[in-house]
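Beneath this line is the structure, given in structure tokens, with notes to follow.
The values are calculated or read from the model by the stated rules, or taken from the named source; none is laboratory data. Just so it is clear, the model here is predicted, and its values are computed rather than measured. Every residue, glycine as well, gets a Cβ built from its backbone with ideal geometry; the counts of neighbours run over all protein chains shown. For the accessible areas, the whole protein counts, side chains as well, though only heavy atoms, and no ligand, DNA or RNA atoms are used. Shrake-Rupley method; radii C 1.70, N 1.55, O 1.52, S 1.80 Å.
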Amino acid sequence: MSAVSQAPPSATGRRAGGRRTGSAITAPGRLASAGLVYLVLGVLALLFLVPSLWMVFAAFDTEPSLRATPPTSLTLAHFEAVLTPDIFYRPMWNGILICGGAAVVTVLASVLAAYPLSRYTLRFKRPFMYTVLFATGLPITAIMVPVYGMFVQANLLNSRAATMLFLAASTLPFGIWLMKNFIDGIPITLEEAAWVDGASAWQSLRLLVAPLLAPGIAVVGIFTLVMTWGNFFVPFILLTSPDKMPAAVRIFTFFGQYGSVRYGELAAYSLLYTLPVVALYIAVSRALGGKFSFGGAMKG
Amino acid sequence: MSATTATPPLTPDQRRRRPVRAGGGTRPGQRGAARWIIPLGPALFLLLAFFAGPILWTVWASFTNAALTGAQAAQTEFIGLANFERLLADPRFASATILTIVFLLGSGVVGQTVLGLTLALLLQNRHALVRGAVGVIVVGAWVVPEVVAGFVWYAFLEREGSLNAVLGFGGVESQNWLFTAPMLAVILANVWKGTAFSMMTYAAGLSEVPSDLKEAARVDGASGFQVLFHVVLPLIRRTIATTLLLVTLQTVQVFTLIYVMTSGGPGSRSTTLPLLMYEQALQLGDLGYGTAIALALLLVAGLFSLVYVRMLGTEAKR
């Protein structure tokens, strides 16, 4: 802050001072504004942090409230109260079944689909990829009513397998898009060598491409897990019996039943439900070398 | 795969000739459609059954009186444009459309874009430690599941919540912000949840802006803001348009966050189109009317998308 008062940012000062250090060229890099930038960044970070502090504090507080106040005495009682088969274990298992299944289906289907799309010259390839891109952005919420109607008519309502398949289909366009980019990155010369030696397409996909594609498979799989694990609307609509609900929906019914009184347990449950996603997200950003952005996927 | 094994082994001569004859990128062994139909099969099945099917059904059902219960459930009739006429005459639909656009502009277009771009600009060329710390906090909000984000903001804005505790120092009267300002509450929550995505895409876009262009502008005497508005932003306009498009498609369909925080209330003061659709189609069982609302939702998203594509087109001509 002292830097700000010493050198008030003026037009002449900027021009004159602009050449002093290497990073000074970029607009906010000068000493005068550097302090201000850190101040703004600090305030923004604090604003982002404060709402979620409640969850961490209340989960361990012996006297939890809705306020994010540091607990005076710590307890694990809220976690114990939540860790029952009905509230926690069964919904978590349902979530693992539904989201894990969706991840496996998405990975398999997208590898198989992306391979010919990447390697062959097909007449319908461009329109197909554009359709996939369009489907990537399609608001899923908007098609949930017809999907519900379809599930009712096909007698698929309240089926975990059907819900899993729908979730897999909803993440598949993005999976195909990502996977095609990954396969495009594997040099075709390797496979050509294998074909010359008499390998079939299936053999070269299984023995050559699949091992090289491990990062892509991990990213698409984990991405599907993260997306579906946090999805509330789809299981909320397509599943009806409480014993089939994944954690995303169970935690909401818990909130509806006890949310306005048992804050500590709600916060503890929220933490337990959130942690797997955070772990998976860290794993996927590691797999991409710490540069997890959609930049590559968006350029197409 | 059967096609592969059924093919007789190739003579060395054939092996050499084949790729040339078939054109680049063709496999030995597999002929015709089988080489793409078999691997594309599972994906095509899933996409057709769960995407194309429901979309076509949406268009059809919006012209019918399809319902979950009662006589209409057994006998669905074609009723033409009646659903759309009802839609246009429904004051709740009008208010839901306006609220959806307010939500979209407030949280998606203005909030997430301005905040995301600001964060990306401020974090550019900072120390890795600063970038890491701020990044983890902002991305943390993005990674949290939507339901939990709803709880967190419910706790933050409730009468007993943290915001009132902070504002209490300034002498502001304690109030349930979810009740007094429901739209502002859900917009803030969605900005909190979604900014990380914009920040990451803008950071990626900014990193591709060549620094010598910025340097040249500065040597010519441009101020920091002039460099930003006349050099940097025009260069990343493609990133901006694409990000706005994705954010818009994401924002118009937000259901969970609003449902958890306010359930569309009080009254219907935060009932956006997805919540109205849910209420009409799944709570009241009027599937036909619900799908008409879903189409309206797609229309709003489509119109905004058109604006971005236009923006991209006119910018490119300059």
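Brief remarks follow.
- Just one of the listed residues (B:Ala296, B:Ala301) is within 12 Å of another protein chain (Cβ to nearest Cβ), of a type in the set (Gly, Ala, Ser), within 30 Å of B:Glu77 (Cα to Cα) and free of Cβ contacts under 8 Å to residues at least 60 places away in the same chain, and it is B:Ala301.
- When residues of the stretch B:50-67 are limited to those that are facing another protein chain (nearest Cβ under 7 Å) and out of contact with any Ser or Thr (no Cβ under 6 Å at 6 or more places or on another chain), the one surrounded by the most Cβ atoms within 10 Å (Cβ to Cβ): B:Pro54
- The numbered conditions (1) within 30 Å of B:Gly161 (Cβ to Cβ); (2) more than 12 Å from chain B (Cβ to nearest Cβ); (3) crowded, with 21+ Cβ neighbours inside 10 Å are all true for A:Ile98 except (1).
- Residues of the stretch B:250-265 satisfying the condition of being open to solvent by 30 Å² or more (accessible area, probe 1.4 Å) and assigned to a helix (DSSP H, G or I): B:Gln250, B:Tyr259
- Qualifying residue in the stretch A:123-142 (condition: within 7 Å of chain B (Cβ to nearest Cβ), over 24 Å from B:Phe304 (Cβ atoms) and free of Cβ contacts under 8 Å to residues at least 60 places away in the same chain): no
- Whichever residue in the stretch A:259-268 is of a type outside the set (Lys, Arg) and farther than 13 Å from A:Phe57 by Cα and, among such residues, is farthest from the other protein chains (Cβ to nearest Cβ): A:Val261
- Residue within the stretch B:197-214 that is facing chain A (nearest Cβ under 10 Å), of a type in the set (Asp, Glu) and over 30 Å from B:Arg269 (Cα atoms) present: yes
- Any chance A:Leu66 is open to solvent by less than 20 Å² (accessible area, probe 1.4 Å) and in contact (Cβ under 8 Å) with a residue 12 or more places away in the chain: yes
- The residue of the stretch A:248-271 that is modelled with the lowest pLDDT, among those that are surrounded by fewer than 17 Cβ atoms within 10 Å (Cβ to Cβ) and not aromatic (Phe, Trp, Tyr), is A:Ser260.
- Hits in the stretch A:235-244 (condition: open to solvent by less than 30 Å² (accessible area, probe 1.4 Å) and within 10 Å of another protein chain (Cβ to nearest Cβ)): A:Ile237
- On inspection, B:Leu244 does not qualify as more than 11 Å from chain A (Cβ to nearest Cβ), in contact (Cβ under 8 Å) with a residue 12 or more places away in the chain, among the hydrophobic types (A, V, I, L, M, F, W, C) and surrounded by fewer than 20 Cβ atoms within 10 Å (Cβ to Cβ).
- For first residues located in the stretch B:37-48 and facing chain A (nearest Cβ under 7 Å), partners that are surrounded by fewer than 18 Cβ atoms within 10 Å (Cβ to Cβ) and lie 6+ apart or on another chain with Cβ distances below 8 Å form the pairs B:Pro42/A:Leu108.
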